[in-house]
Amino acid sequence: MRLLFGAMLVLALPALLFAVLTLCFSWKVGLVGVAVMLLTDVYGFVFGWRRIKVRTAVCSSPLLPEAFRGYRILQLSDIHIGTFLRNRRFINHLVEVCNAQHPDLIVFTGDLVNVGAEEVIPFLPVLHQLQARDGIYSVMGNHDYCEYLPDKSEKNVRRNQNVLQYMEERMGWHLLLNDHTVIRRGDAAIAVIGVENISRPPFPDYGDLKKALGDLPKGMFKVLLSHDPSHWRRGVLHQTDIALTLSGHTHAGQIQIGRFSPAKWAYNEWGGKYVEGGSMLYVSTGVGGTVPFRIGAWPEISIITLEK
């Protein structure tokens, strides 16, 4: 996959750009365009994936209890930690930046690994250092089901899933598998809901939002963790009273120029904040990827502040 992605960036796209610029202008302009593209590619492979950015957004809702005004949720998504086995200092730095934000709550919206559970083992101590007043809650992304293993036998896939879930517990993360938890401030409370992955093919679809909601009352401020942002429009918006949905999955294609990303060809909501019908979706462009490359869509830590 890395070879294919690299070949596309350094061979196919520059060749296409050269052909277009040569037809429209001249071969000299084509060569300049190719040179600029190749320099950009080099930056993305060498430096771009290291540029952690802290992005902020505000979720305003009349459902929010007064006691939670100013509550700060830190969202991480799509770490794909196996990509950093040779660059472990990056994960150390990521944890330092997260803890420096002093969040009330940390949530992880899926894709901790690339392929298998063993990728997490070298990072257990550092990920255990993540701290938030009300703890850390996580959900499964499509990669976390370990269905991309070379050995795709049901026994091996299930073993990897169980090991990964056990390691998240060891790290102090609370994995929400179609379940929810309630966070309290005195008599006031908000709910954090986590569904298993809900996606369209070819990605797995194991989520059950109805089960995850359980007996939570209507009118309660609810935060939903759902890996794939397409779930918001298909199953949350105008169908529930969930005020805030946090997702990842898209990586913004790991390439973003202004508000353009190739991810927009596949997803209506692919990065940042979206508000409609009294409901807000925030899509994190994620931290990592199966390929260590980013341009514009820099590795992201998101801080969502709740307001009345």
Counting only protein heavy atoms and leaving out ligands, DNA and RNA, the solvent-accessible surface of LEU4 at a 1.4 Å probe, in Å² to the nearest 10, equals 130 Å²
In whole percent, the fraction of accessible protein surface over the chain that belongs to carbon or sulfur atoms, probe radius 1.4 Å, stands at 59 percent
Around TRP298 (Cβ within 10 Å, Cβ-to-Cβ, excluding TRP298; K/R +1, D/E -1) the net charge comes to +4
Simple spin-label estimate for LEU4/ARG133, 7 Å along Cα→Cβ, in nm, reads 4.6 nm
Restricting to Cα pairs under 8 Å and 6 or more apart, the percent relative contact order of the range 242-307 works out to 38 percent
The alpha-carbon center of the range 37-73 and that of the range 256-271 are separated, in whole Å, by 15 Å
Given the candidates GLY207, ALA57, VAL120, the one whose Cα lies deepest towards the positive end of the charge dipole of the chain, counting +1 at each Lys or Arg C-beta and -1 at each Asp or Glu C-beta, is ALA57
All alpha-carbon distances of the range 154-308, grouped into 10 Å bins from 0, give the whole-percent distribution 10, 35, 37, 17, 2
In Å, the C-alpha Rg and Dmax of the range 231-308 are 13.1, 40
Per the charge dipole of the range 185-262 (beta-carbon charges, Lys/Arg positive, Asp/Glu negative, Cα centre), the residue among LEU224, GLY248, PHE260 reaching farthest to the positive end is PHE260
In the neighbourhood of GLY271 defined by beta carbon distances under 10 Å, the net charge of the other residues (Lys, Arg +1; Asp, Glu -1) is +2
Mean accessible area per residue over the range 120-203 (1.4 angstrom probe, all protein chains present, square angstrom) is 49 Å²
Here the net charge surrounding ILE183, from other residues whose Cβ is less than 12 Å away from its Cβ (Lys, Arg +1; Asp, Glu -1), is +2
Distribution output for the range 12-61: share of Cα-Cα pairs per 10 Å bin in percent, first bin at 0, values 23, 30, 20, 16, 9, 1
Once normalised by the length of the range 150-244, the mean sequence separation of its alpha carbon contacts under 8 Å that are 6 or more apart gives a contact order in percent of 22 percent
Between PHE260 and ILE121, Cβ-based FRET efficiency (R0 35 Å, step 0.05) works out to 0.35
Full extension between VAL97 and LEU16 adds, at 0.36 nm per residue less the Cα distance, a length in nm of 25.2 nm
For ASP179, the residues 5 or more places away or on another chain with a placed amide H closer than 5 Å to its own amide H are GLY194
Taking the alpha-carbon centre of each part, the distance from the range 79-95 to the range 113-142 in Å is 11 Å
Out of GLN254, GLN239, GLN161, a Gaussian network model of the chain with alpha-carbon springs under 10 Å gives the largest mean-square fluctuation to GLN239
For the range 18-109, listing chymotrypsin sites (Phe, Trp or Tyr not before Pro) in a DSSP loop whose Cβ sees at most 14 other Cβ atoms within 10 Å gives PHE25, PHE47
Candidates ILE255, ILE198, ILE121; GNM for the chain (alpha-carbon contacts under 10 Å) flags as most fluctuating ILE121
Of the listed pairs LYS218/LYS273; LYS53/LYS264; LYS222/LYS273; LYS152/LYS210; LYS264/LYS308, those with alpha carbons more than 19 Å apart are LYS218/LYS273; LYS53/LYS264; LYS152/LYS210; LYS264/LYS308
Of all DSSP beta bridges having both residues in the chain, the percent classed as antiparallel (nearest 5) is 35 percent
Beyond 37 Å, the calculated P(r) of the chain holds a percent of Cα-Cα pairs equal to 17 percent
Heavy-atom accessible area of ASP208, protein chains in place, probe 1.4 angstrom, given in Å² to nearest 10, is 60 Å²
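The values are calculated or read from the model by the stated rules, or taken from the named source; none is laboratory data. These numbers come from a predicted model, not from an experiment. Don't worry about glycine lacking a Cβ; one is built from the backbone with ideal geometry, like all the others, and counts go over all protein chains shown. All accessible areas refer to the heavy atoms of the entire protein, side chains included, with ligands and DNA or RNA removed. Shrake-Rupley method; radii C 1.70, N 1.55, O 1.52, S 1.80 Å.
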